[in-house]
Every structure is written in C-alpha cells, then in structure tokens.
Amino acid sequence: MALPSKFYISDLHLGHKNILAFDNRPFFSLEEMTETIISNWNSVVSKNDSVYVLGDMFWNNAEIPIVLPRLNGAKYLIKGNHDRVNEEMKNHFVWIKDYAVIKDGEEHVVLCHYPIAHWINADYGYIHLYGHIHSGRDTRPFNEYAEQMRERGFPYKCANVGCMLHDYTPVTLDDLGLR
C-alpha cells in the first residue's frame, strides 16, 4: 500500500462564471469546469491523501454541498480573498487558516494564498506555495524577483499552484520539481 501523499491546488473559483473568460479556461460552462476539476482531483488523490487548497476554492458557496463531499482525501484550506467561510465549509475541512507551515516528507512548506517575497526560512530551503496571481500580468514581477534571488545563490524554492497552471489537477512537490 502506498504512503499517503500531499497535494496542492488553488484558485478553483467554483461557481464563478466570469473566471472562464478571465483565465481563458477551456470550458464551455461552469458545470463542465466543476466536473473536470472533480474528475481530475479524484484521478490523483486517494481517500488517504491530503489536499491543501491555497485559497479561492469557491466563488459561490452554493457549490459547497455539491462539490466537497465528492472530493477524495483530507482537505485543508488556506483562505483566499474570495473564500467566505461558513459552517458548512468548516465541516468539510480539517482546518481553515490564513497561513501555515507544514512538513511534506523532509521539506518545510510555507502555504499562503498570496505570493510572499520573503517567507520564513526562504534562505534555508523552505518551499513557498501560493496562488492568487493566476497567469496574468501580476505573475511577471514575482517570477522575476524569485529568479534574481536564485541568481544571487539563495535556494528560493517557490511555485504557483493555481489550478489553471496545472491542468486543473492537484499537484505534489515532485510534480512541481521542488523535491
């Protein structure tokens, strides 16, 4: 039996019609996007795995009872700017936080919805995972800064786990090339 894995994803924006155009998502409808995300999630996540959602899971909380019971694994939420936490949501997540530092195997991982220029122990190899900036114009300054830090000899291991950047599928540190 395989050991449980830890997966990461952000910015699903379930129930958000305008996100289809904003992100140029390849779906004809919200229903198609929702069903694809559920299918992709369950294709890689087993019941014993953990998934850390780094914010903006739901645009419309009416989607919570439709989606969350269908998703495999233990779920953890790092709140994003569009998450409106309610009691029903709390029932489906192990915990809900603004920010967290967790262990994934031997790696320390800093989780936040927003990219952080100087996260805790960035100079000592801690990994930073984030979302929020999607794939638009906001990504360039952060990516350029991260590259400059690496050029100066700092480990600066970080990645955007936005679903639209990873085929609408949760990813592992190995998938991201960070282990």
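The values are calculated or read from the model by the stated rules, or taken from the named source; none is laboratory data. Nothing here was measured: the structure is a model prediction, and the numbers come from that model. Cβ placement follows ideal geometry from the backbone for every residue including glycine, while neighbour counts extend to all protein chains displayed.
Some values worked out for this structure:
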| item | result |
| --- | --- |
| Subset of the range 143-166 that is touching a strand residue (DSSP E or B) at 6+ places or on another chain (Cβ under 8 Å) and small (G, A, S) - its residue that is farthest from I116 (Cα to Cα) | G162 |
| Qualifying residue in the range 37-54 (condition: at pLDDT below 95 and charged (D, E, K, R)) | no |
| Qualifying residue in the range 15-26 (condition: modelled with pLDDT of 95 or more, exposed (fewer than 13 other Cβ atoms within 10 Å of the Cβ), over 25 Å from I96 (Cα atoms) and out of contact with any Ser or Thr (no Cβ under 6 Å at 6 or more places or on another chain)) | yes |
| Matching entry among A122, A100 (being closer than 19 Å to N160 by Cα, of a type outside the set (D, E), in contact with a Phe, Trp or Tyr (Cβ under 9 Å, 6 or more places away or on another chain) and modelled with pLDDT under 95) | A122 |
| Check on D11, at positive phi and either in contact (Cβ under 8 Å) with a residue 12 or more places away in the chain or not aliphatic (A, V, I, L, M) (or both) | yes |
| Subset of the range 106-145 (residues that are within 10 Å of C158 (Cα to Cα) and polar (S, T, N, Q)) | N143 |
| Yes/no for I66 being without any contact (Cβ under 8 Å) to a residue 40 or more places away in the chain and under 15 Å from the mean Cα position of the chain (by Cα) | no |
| Unmet requirement for E107, which otherwise passes all of (1) without any contact (Cβ under 8 Å) to a residue 60 or more places away in the chain; (2) surrounded by fewer than 16 Cβ atoms within 10 Å (Cβ to Cβ) | (1) |
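Residues are listed down the side, and each one gets a yes or a no for (1) among the charged types (D, E, K, R); (2) assigned to a helix (DSSP H, G or I); (3) at pLDDT 90 or above:
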site	(1), (2), (3)
H128	no, no, yes
H134	no, no, no
F142	no, yes, no
G153	no, no, yes
C158	no, no, yes
T169	no, no, yes
D174	yes, no, yes
L178	no, no, yes
